[in-house]
Amino acid sequence: MEYKSIYKNNDIFTAFPDPEEVFATDLEKSLLLPLGVYHLTDNGVHDILLAAPLGDEEGMIGKRNLKDRCGETWLSYSKKNGKWALECSLENFRSFDHYSENARKSLDEQKIQFQQNGFLSHPWGQVEKLSLFNTGGYVTWSNRFVHTS
């Protein structure tokens, strides 16, 4: 399948959206890190929010699987009144306060670098342009772990 790497904001991708603009409530702001918005134009225009949930030391999110709303390693959210809202409540999530501060600090550092340079480079200081998002391609066994790290 054809694949295209995106390195800067354009018509089909916006990196690091403002949490106030994309999340419906404080719950989403406290549990999700907004990474980007993919502007899909296939059969009409609609946006897909790409957000990373904070997890515990094993990467688990929810306490248990709750039918089609959320689970131990996944959750669902939908757009309501122009913003995205979780379809689970706070009591369905594990506690991951310990990891929240480091994750938010890392995201903030990446946002600053992107705003200053117009691109992301390697987190260990190597100056090379890293893609923000890849469209197309094939899902591999490593997709879940590597592309969300």
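Report the residue, chosen from Trp84, Trp74, Trp124, that carries the largest GNM mean-square fluctuation when the chain is represented by alpha-carbon nodes joined by springs under 10 Å.
Looking only at Trp84, Trp74, Trp124, the biggest GNM fluctuation is shown by Trp124.
So what is the orientation-averaged projected area of region 41-81, using the convex hull of its C-alpha atoms, in nm²?
Computed as one quarter of the Cα hull surface, the answer is 4.3 nm².
Pull out the extension gain between Asn65 and Thr25, defined as 0.36 nm times the separation in residues minus the alpha carbon to alpha carbon distance; nm, one decimal. Mind showing how you got there, number by number?
Numbers: separation 40, 0.36 × 40 = 14.40 nm, distance 2.26 nm.
Full-extension gain reported as 12.1 nm.
Quick check: the angle from helix 97-117's long axis to the longest principal axis of the chain, C-alpha only, nearest 10 degrees?
20 degrees
Please check which bits of region 29-59 a label hung off Leu90 would reach, taking the label as a point 7 Å along Cα-to-C-beta and the cut-off as backbone N under 18 Å.
Inside the label zone: 29-33, 54-56.
No value in this document is a laboratory result; all are computed from the given coordinates. Computed from a predicted structure; not experimentally measured. Methodologically, a virtual Cβ is constructed for each residue, glycine included, from the backbone with ideal geometry; neighbour enumeration extends over all protein chains shown.
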